[in-house]
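Participant: Following this message is one structure expressed as structure tokens.
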């Protein structure tokens, strides 16, 4: 086990390494849709790239999710064949959001430096594909006046 300080340093080194391996600006919080964000996630068991839809207004959350869901065939066929779409996803803190994500298909860990490059490559490939999908369909996703 690592001390709290060691664990923090490992995470810092991991993210610094990722920024050095793939020095580009990711979309993440710049979707221009309030409370709709892209996220990288890694822990001691897995790595994920996700689109989290979490407006406080549940109706908006469902509309945004249904817009992405209406594009599911395109998302899976052209961008992320292994994406998982979940309308009602509960975060560890109990908050209800909608979430679309991709898991790495191998056992990796932020604590194992030998898997870092594999995680970095996974993050870069999947987030790039997610961003390309979003940019292609963002006008449709953003516009609450257009029904699914």
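Participant: Restricting attention to the range 20-50, and to residues there that are in contact with a helix residue (DSSP H, G or I) (Cβ under 8 Å, 6 or more places away or on another chain) and assigned to a strand (DSSP E or B), which single residue is farthest from residue 112 (Cα to Cα)?
Facilitator: Ranking the qualifying residues of the range 20-50, first place goes to 36.
Participant: Is it the case that the range 101-113 has a residue that's in contact with a strand residue (DSSP E or B) (Cβ under 8 Å, 6 or more places away or on another chain) and under 17 Å from residue 61 (Cβ atoms)?
Facilitator: There is at least one residue in the range 101-113 that is in contact with a strand residue (DSSP E or B) (Cβ under 8 Å, 6 or more places away or on another chain) and under 17 Å from residue 61 (Cβ atoms).
Participant: Please tell me if residue 131 is outside any helix (DSSP H, G or I), in contact (Cβ under 8 Å) with a residue 24 or more places away in the chain and under 12 Å from the mean Cα position of the chain (by Cα).
Facilitator: Considered against the rule, which asks whether it is outside any helix (DSSP H, G or I), in contact (Cβ under 8 Å) with a residue 24 or more places away in the chain and under 12 Å from the mean Cα position of the chain (by Cα), residue 131 comes out as no.
Participant: Related question: Quick check on the range 72-87: of everything there that is touching a residue at least 40 places away in the same chain (Cβ under 8 Å) and crowded, with 18+ Cβ neighbours inside 10 Å, which residue is nearest to the chain's Cα centre (by Cα)? Explain how you work it out, then say what you get.
Facilitator: Pass one, the range 72-87, residues touching a residue at least 40 places away in the same chain (Cβ under 8 Å): 74-75, 78-80.
Next, only the ones that are crowded, with 18+ Cβ neighbours inside 10 Å stay: 75, 79-80.
Values: 75: 14, 79: 14, 80: 12 Å.
Per the criteria, the residue is 80.
Participant: Let me ask you something else. Being touching a strand residue (DSSP E or B) at 6+ places or on another chain (Cβ under 8 Å) and at pLDDT below 95 narrows it down to one residue among 80, 75, 91; which is it?
Facilitator: Going through 80, 75, 91 in turn, just one is touching a strand residue (DSSP E or B) at 6+ places or on another chain (Cβ under 8 Å) and at pLDDT below 95: 91.
Participant: Follow-up. Looking at the range 20-31 only, could you name the residues that are without any contact (Cβ under 8 Å) to a residue 12 or more places away in the chain and more than 30 Å from residue 139 (Cβ to Cβ)?
Facilitator: 20
Participant: Evaluate the range 111-121: report whether one residue or more is closer than 24 Å to residue 7 by Cβ, under 12 Å from the mean Cα position of the chain (by Cα) and assigned to a helix (DSSP H, G or I).
Facilitator: Kept after step one, since they are closer than 24 Å to residue 7 by Cβ, are these residues of the range 111-121: 111-121.
Those left that are additionally under 12 Å from the mean Cα position of the chain (by Cα): none.
No: the range 111-121 contains no residue that is closer than 24 Å to residue 7 by Cβ, under 12 Å from the mean Cα position of the chain (by Cα) and assigned to a helix (DSSP H, G or I).
Participant: Whether any residue in the range 49-61 is more than 29 Å from residue 11 (Cα to Cα) and either in contact with a strand residue (DSSP E or B) (Cβ under 7 Å, 6 or more places away or on another chain) or surrounded by 14 or more Cβ atoms within 10 Å (Cβ to Cβ) (or both) is what I want to check.
Facilitator: The answer is yes; a qualifying residue exists.
Participant: Okay, next question. Of all residues being touching a helix residue (DSSP H, G or I) at 6+ places or on another chain (Cβ under 8 Å) and not in a strand (DSSP E or B) in the range 51-68, which is modelled with the lowest pLDDT? Just the residue, please.
Facilitator: 55
Participant: Could you tell me how many of the residues in the range 88-108 are more than 16 Å from the chain's Cα centre (by Cα) and buried (at least 18 other Cβ atoms within 10 Å of the Cβ)?
Facilitator: Residues that pass the stated criteria total 1.
The values are calculated or read from the model by the stated rules, or taken from the named source; none is laboratory data. In this text the structure is predicted, and so the values were computed from the model without any measurement. Quick reminder, even Gly has a Cβ in these numbers, built from the backbone with ideal geometry, and neighbours come from all protein chains shown.
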